[in-house]
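Inspection log for the structure reproduced underneath, given as structure tokens.
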Amino acid sequence: MTPNRLATISTLAMLVVAGMTTAWVTAQMPARDSAASLLPPAGKGRIAGRITERDDVPVRRATVTIAGDMRLTRTAITDTDGRFSIDQLPLGRFTVTATKAGHPAMSFGARLPFRTGAGVFVAEGESVDTSFRLPRGAVITGTVRDERGHPMLDVPLMAWLVRTSLGGQRTLDFSTPEPQTFMSDDRGQYRVFGLPPGEYVVGTTWYFRGVGPDARMPGVADYQAAFAPQQPRAPEPARPSPAQFNYAQIFAPSSLDPLSGTSVRLAAGQEVGGVDILMQFIQKARIEGAIVYPDGTPAPTRLLISRQSSVSALNSSSESPGLQTGRVASGGLSPGPYTVFAEVPATADSPALWASQDVNLAPGETASITLTLQTSLVMSGTLVFEGKSPLPSDMTRVVASFQRQGPVWARPSVRVNAEGRFTATGIVPGRYLITASVPAGNATTGPVWRVASVKLDDEDVTDRPQELGPGAGAVTITFTDVVTELSGRLLSETGEPTADYFVIAMPEDRAYWLPQSRRIVSTRPDGQGRYLFRGLPPGRYRIAVTTDVVPQDLREPAILEQLLPQSLRVTVSFTTPAVLDIKTTGVL
């Protein structure tokens, strides 16, 4: 597992210190000029340092990776004193990351594990010291037992990190960029190690579906089939589906609800034991019922059953694309909340039909439902272009979309005509984010059209999900060819340009603090401390500077709240480029 998702490169240079040799691996190219053009740039710069744990204890044989531009990645192994050195580096910015088993990956300049850190800028011929600490990871241990108290072997477990989502809800998430699984041994004991500091709930992994196939209790028919003489018999009427049993997904100490598990708060290198798990062997739940037209006749349809846990990593869906009988029969379900959604696709003669019902299943419960189909909504709208650039030559290529928030299967179809009017069909009532884009023409000289506003009747709903239902009005999407700019310089306390930071822009209005918001972005300054944001939607923003950030941070309200006190206010508009110079004092 790597701390960052590094780009695939065709040339990798590896330097191994502590008395080992330098090895270069280059891709074979058909021509000498082509091969030379793909060689990583070289120079006279050098990055060296020492990797230590607490109390200045050296971390031996740690892997240190530096990443520059897309063509340069080099690796070194620390020696017995924790030292490493990588030379022949060109001018540029580099991220320096150390990894070793049992230690969460750490980067130079980062405050927390698994963050890229601000990195280091190396001038031509400069030698830079990047010594830093690689703390040992925290550890959680315990024992897994079955319902009778006996140890259970090979139960996949993980430590779930407790987070607060951007919507403000408490949830669980993976503790590392790539989820790590730990198995219980023959004594039922497990050991989860290498954890960064934080609050955790130990439980089965997101893919846990029980042990082997679901078990069921044999009935009279099973015994007759096994022991009675084989004789021709008349077809028997359909019998109820037999009950199915299996182990449920569990969160310590023995909770079916992931958010009701007992949490453990860990400091760097701390070890906590006795976090035991008692598994539950339960009867699985079922959903049965019918899908009918408004007149009560069975409807052949498509069906989707989606789990709706507050922990998104636990959610999954089961799709039945060709349900011809109009009957719902789905067993082997774990307890929890589900949404059952049915859809009859639109035809040339009729609009799409839909039906939906939420079900909260208890262990062993059979939920009986009847889904009565109803007609989906149709909405219309207009595209407006404000600017001096030539209009798109083919309006039908403009993409307008209605993205439903929450349980999703309905996929509204949006068609734009040559006059810039569009029709959206197949809309199921709910909350939608309305967006649009104009495919780029000539990326160098062609106009760039961006969404300036989205209005539902006279209400501005730009970048905000909106409830759509019967009677919803017309939509107007306005594009502009004006590109906003926000730029400035990062300055040290003495007024000198500085580059080793991230600059974050976030909207002052928390209503825009939404997942994947185009108003929450980050950038890195260049070697002269200059930064630039282009294309931010107009509005009031807070600009913050920090030493390390990862994309996940921009979806964490707690991180954004931390940055607010030391942020600066700025207004972005279409009329005047905004300029904001920032002194990097008190940076987090």
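The values are calculated or read from the model by the stated rules, or taken from the named source; none is laboratory data. What you are looking at is a predicted structure, and each value in this text was computed from that prediction instead of being measured. Using ideal geometry, Cβ is built from the backbone for each residue, glycine included, and neighbour counts are taken over all protein chains shown.
Return the pair list, or none, for Cβ contacts closer than 9 Å from residues in segment 458-471 that are among the basic types (K, R) and part of a loop (DSSP other than H, G, I, E, B) to residues that are modelled with pLDDT of 90 or more and surrounded by 12 or more Cβ atoms within 10 Å (Cβ to Cβ), at least 6 apart or on different chains. Pairs found: R464/L433; R464/V454; R464/Y512. Is it true that W206 is outside any strand (DSSP E or B), buried (at least 17 other Cβ atoms within 10 Å of the Cβ), in the same structural domain as A248 (by TED's automatic domain parsing) and touching a residue at least 24 places away in the same chain (Cβ under 8 Å)? Spelling it out, W206 is indeed outside any strand (DSSP E or B), buried (at least 17 other Cβ atoms within 10 Å of the Cβ), in the same structural domain as A248 (by TED's automatic domain parsing) and touching a residue at least 24 places away in the same chain (Cβ under 8 Å).
Picking from residues in segment 113-136 that are surrounded by 15 or more Cβ atoms within 10 Å (Cβ to Cβ) and of a type in the set (G, A, S), the one that is nearest to T73 (Cα to Cα) is G119.
Table: residues versus (1) over 29 Å from Q405 (Cβ atoms); (2) of a type in the set (S, T, Y).
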position	(1), (2)
T523	no, yes
G527	yes, no
R534	no, no
A544	no, no
R569	yes, no
A578	yes, no
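Close Cβ contacts (under 9 Å, 6 or more residues apart or on different chains) running from residues in segment 108-120 that are within 15 Å of G198 (Cα to Cα) to residues that are of a type in the set (V, I, T) and at pLDDT 85 or above comprise R111/T546; P113/T176; F114/T176.
Within segment 455-464, the residues that satisfy the criterion of being more than 16 Å from A424 (Cα to Cα) and surrounded by 10 or more Cβ atoms within 10 Å (Cβ to Cβ) are E459, D460, V461, T462, D463, R464. Of the residues making up segment 484-501, just one is loosely packed, with under 14 Cβ neighbours inside 10 Å and touching a strand residue (DSSP E or B) at 6+ places or on another chain (Cβ under 7 Å), namely E493.
Among residues of segment 243-266 that are over 13 Å from G332 (Cβ atoms) and among the basic types (K, R), those with a Cβ under 9 angstrom from a residue that is buried (at least 21 other Cβ atoms within 10 Å of the Cβ) and modelled with pLDDT of 95 or more, sequence gap 6+ or separate chain, pair up as R265/Y200.
When restricted to residues that are touching a Lys or Arg at 6+ places or on another chain (Cβ under 9 Å), at pLDDT 80 or above and either within 17 Å of G539 (Cβ to Cβ) or part of a loop (DSSP other than H, G, I, E, B) (or both), segment 549-577 contains 8. Residues in segment 291-309 that are charged (D, E, K, R) and either crowded, with 16+ Cβ neighbours inside 10 Å or touching a helix residue (DSSP H, G or I) at 6+ places or on another chain (Cβ under 7 Å) (or both): R302, R307. Looking at segment 282-297 only, could you name the residues that are within 28 Å of P335 (Cα to Cα) and not aliphatic (A, V, I, L, M)? Residues satisfying the conditions are Q283, K284, R286, E288, G289. Does G188 satisfy the criteria of being closer than 30 Å to I77 by Cα, touching a Ser or Thr at 6+ places or on another chain (Cβ under 6 Å), crowded, with 17+ Cβ neighbours inside 10 Å and touching a residue at least 40 places away in the same chain (Cβ under 8 Å)? No. Of the residues in segment 343-351, at least one is assigned to a strand (DSSP E or B) and touching a Ser or Thr at 6+ places or on another chain (Cβ under 8 Å).
Inside segment 258-287, residues that are out of contact with any Pro (no Cβ under 9 Å at 6 or more places or on another chain), closer than 22 Å to G210 by Cα and of a type outside the set (A, V, I, L, M) make up a count of 4.
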